[in-house]
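Written out below as structure tokens is the structure these notes cover.
The values are calculated or read from the model by the stated rules, or taken from the named source; none is laboratory data. Nothing here was measured: the structure is a model prediction, and the numbers come from that model. Here Cβ is always computed from backbone atoms with ideal geometry, including for glycine, and neighbour counts include all displayed protein chains.
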Ligand code: GLU
């Protein structure tokens, strides 16, 4: 195509000579083997678990090799743009402890920006024009209606869908015809002039999938839309070249487009980056495994984990086990090491679907929670109540000393055995409800009749002394048990169960239900201690039936 016509098709004063771009965005000076990766979300919704999974792989691949991890916003689809989506990506990834080195709205050396695709229009224009000049692209004036008709005909005749071969109507327009269309003010897109033959296959080495077979590209895909904004394919080739990405980690749904990308890199004379196509996250649903769905599964949204109050470290650790099958074993040997110490390898990521199991995440979460000090747990739960808790939760957490005493009941305060009661903040906060009168909701279910229950509670009220230590407290409980017909000693009960109405632990259960509202709780003496004398006595009284 003549320069004059190419200028008519793409008139952008900001275009620079092509080698200027090479100088502007030079190869990065990094150590050998360092990977440059990127997260490239479209701001068309809020980021989900699949993005975080991919971002973790990106981050690890870059930072474990001394490379760079950057954020590029693929905002070419203005119609689907969601306000606040970019901020949400940044906030969410920060919450999970993933740090970018550079990219949209993040300081860093930032030499490879702008990182919002809409701000890079002239770079795409420069290279699209170059393809026009080299006869590797052409303008297409087909209307939506025409294209729809062709697609319907292709479907009917069971042909491949697309703009290719004899269906590529505008591929052979003469310069005169193009000029005429332009004079008539017809809108147009720029298409790639595919040179491949889809029946010819090549092998391609994907870092995750291994050797795969890909056909040559025969599709004249759109590279610039009618508003001059690039499509994903074109922007991907231009940006990943000039941002000097060495490894593109993206979802396996992009595998089908790989032939287009191979052709684009070759036409643009750019060196191809390596690719790693990640498997989809799956979940067990009844008897089958299926893809996690943004629509059906609340756990797909990253907000879910914040709202439920999962420790970010637990989510990341669990995602590591999903990413790398040998992580769990490493973690068992190095329970206290940060996951970043693990030797990550893209090649070891699963070739087929990766199973995401919420129950496993809960186990990891429990273990991670049990590694925190009482003060750390307080601060995590307190932050959660500030954002997601009720007014009454927030009021409870104002009394730091009181809440810390409750937390120490779980943590054992470094001396006693640590309990693993807390899984998430939302569940942990509810676990403490019975320590506050306004949220104490007892379920007075006893396994003994009213006479026995009332006599235990009455007798225990008489002898209870908040000054007693655990030993004294328990010996009083044993006295009460004996007086009310229970066995004071386990051994006595075991020998002659018929002589007693129950064991000392059955008697303790009555007091427990009265005090904590349920038959399960941590150490009862300490609970009564935390509640204080008056509140404890009033609960014993209130619980009589
Ligand atoms: N914007 C694309 C997406 O959100 C990025 C795919 C890629 O990582 O190349 O799916």
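Residue 373 passes every criterion in (1) under 25 Å from residue 49 (Cβ atoms); (2) in contact (Cβ under 8 Å) with a residue 24 or more places away in the chain; (3) surrounded by 12 or more Cβ atoms within 10 Å (Cβ to Cβ) apart from (1). Filtering segment 318-334 down to residues that are touching a residue at least 24 places away in the same chain (Cβ under 8 Å) and part of a loop (DSSP other than H, G, I, E, B), which residue is surrounded by the fewest Cβ atoms within 10 Å (Cβ to Cβ)? Checked segment 318-334; the qualifying residue surrounded by the fewest Cβ atoms within 10 Å (Cβ to Cβ) is 325. Within segment 60-88, residues that are on the phi > 0 side of the Ramachandran plot sit with their Cβ atoms under 9 Å from residues that are within 14 Å of the ligand (Cβ to nearest atom) and not in a helix (DSSP H, G or I), at 6+ positions apart or across chains, in these pairs: 84/43; 84/46.
Scanning segment 246-267 turns up no residue that is more than 15 Å from the ligand (Cβ to nearest atom), assigned to a loop (DSSP other than H, G, I, E, B) and free of Cβ contacts under 8 Å to residues at least 60 places away in the same chain.
Residue 69 - would you say it is at pLDDT 95 or above, under 22 Å from the mean Cα position of the chain (by Cα) and either under 21 Å from residue 232 (Cα atoms) or surrounded by 21 or more Cβ atoms within 10 Å (Cβ to Cβ) (or both)? Spelling it out, residue 69 is indeed at pLDDT 95 or above, under 22 Å from the mean Cα position of the chain (by Cα) and either under 21 Å from residue 232 (Cα atoms) or surrounded by 21 or more Cβ atoms within 10 Å (Cβ to Cβ) (or both).
Counting only helices (runs of 4 or more DSSP H) wholly contained in segment 460-543, the ones carrying 1 or more residues that are in contact (Cβ under 8 Å) with a residue 40 or more places away in the chain occupy 470-483, 504-516, 524-531, 533-542. Applying the criterion of being exposed (fewer than 15 other Cβ atoms within 10 Å of the Cβ) and assigned to a loop (DSSP other than H, G, I, E, B) to the residues of segment 78-107, the residue that is modelled with the lowest pLDDT is 107. If I filter segment 228-243 for residues that are more than 16 Å from the ligand (Cβ to nearest atom) and in a loop (DSSP other than H, G, I, E, B), do I get at least one hit? Yes, the conditions are met somewhere in segment 228-243.
Please find, among 468, 449, 433, the residue that is modelled with pLDDT of 95 or more, surrounded by fewer than 18 Cβ atoms within 10 Å (Cβ to Cβ) and under 28 Å from residue 315 (Cα atoms). If you could, list the steps in order and put the result at the bottom.
Values: 468 fails: under 28 Å from residue 315 (Cα atoms); 449 fails: under 28 Å from residue 315 (Cα atoms).
That would be 433, the only listed residue that is modelled with pLDDT of 95 or more, surrounded by fewer than 18 Cβ atoms within 10 Å (Cβ to Cβ) and under 28 Å from residue 315 (Cα atoms).
In segment 180-202 there is no residue matching the filter, namely being over 28 Å from residue 4 (Cα atoms), within 16 Å of the ligand (Cβ to nearest atom) and not in a loop (DSSP other than H, G, I, E, B). Please indicate, with yes or no, whether at least one residue in segment 21-37 is over 22 Å from residue 293 (Cα atoms), within 20 Å of the chain's Cα centre (by Cα), modelled with pLDDT of 95 or more and within 16 Å of the ligand (Cβ to nearest atom). Yes, some residue in segment 21-37 is over 22 Å from residue 293 (Cα atoms), within 20 Å of the chain's Cα centre (by Cα), modelled with pLDDT of 95 or more and within 16 Å of the ligand (Cβ to nearest atom). The residue that is nearest to the ligand (Cβ to nearest atom), counting only those in segment 108-124 that are in a helix (DSSP H, G or I) and touching a residue at least 40 places away in the same chain (Cβ under 8 Å), is 117.
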